[in-house]
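The next block holds one structure in the form of structure tokens; read it before the comments.
The values are calculated or read from the model by the stated rules, or taken from the named source; none is laboratory data. These numbers come from a predicted model, not from an experiment. Neighbour counts are summed over all protein chains in view; Cβ atoms, including those assigned to glycine, are modelled from backbone coordinates with ideal geometry.
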Amino acid sequence: MSLRFIVSVIILLSMVACDSGGGELGEGKKAAEQELQEAKQMHQEAEKVIQQKTNIGQPRSPVAADKQVELLGSVAVWGKRPGTTGDAQGIMVQLTNQDKGNLYTAYVEPGNRFKVTVIPGRYSLTINEFGYELHEEEITVDGRLNSQLLRPIGLKNAK
């Protein structure tokens, strides 16, 4: 409660207790009642603002469970000479939906890029290609957009 609200209540109570029917006292009582009413309105408005602020993080419109989102990514591999990159074409990228268990597979195309269409959710992205270290990461597809760009993936040569 606000300080103004509490002070208004105290003033109103003291006016009621001391009310002897005098003209000035009656006006004071009316003023205190009006101030009390204003304080109540301010309190209600503050409660509305607090309620709105607590709902900010929640999505305004839910995403349909069957919405399709195209993930776009790229894979970089080390070339045969230091400081160069090689061709990643044909490398398999697997995404496993952690909530539903769905498995999605994509293959790296020319230009070292891949794309795969999935539904919104949490995924484990895995690349387990012979000659390279295992790559695993967690990603989230929120579904607000029709496509989502993934950060580039760098595969390390196996030792």
Selected residue [surrounded by fewer than 12 Cβ atoms within 10 Å (Cβ to Cβ) and either within 30 Å of GLY131 (Cβ to Cβ) or at pLDDT 75 or above (or both)] from GLU47, GLU24, GLU33: GLU47
Check on VAL63, surrounded by 14 or more Cβ atoms within 10 Å (Cβ to Cβ), outside any loop (DSSP other than H, G, I, E, B) and modelled with pLDDT under 95: no
Strands (runs of 3 or more DSSP E) wholly inside the stretch 110-159 that include at least 1 residues being surrounded by 13 or more Cβ atoms within 10 Å (Cβ to Cβ), modelled with pLDDT of 90 or more and at positive phi: 121-127
Answer from GLN89, GLN94 - the residue that is surrounded by 14 or more Cβ atoms within 10 Å (Cβ to Cβ) and in a loop (DSSP other than H, G, I, E, B): GLN89
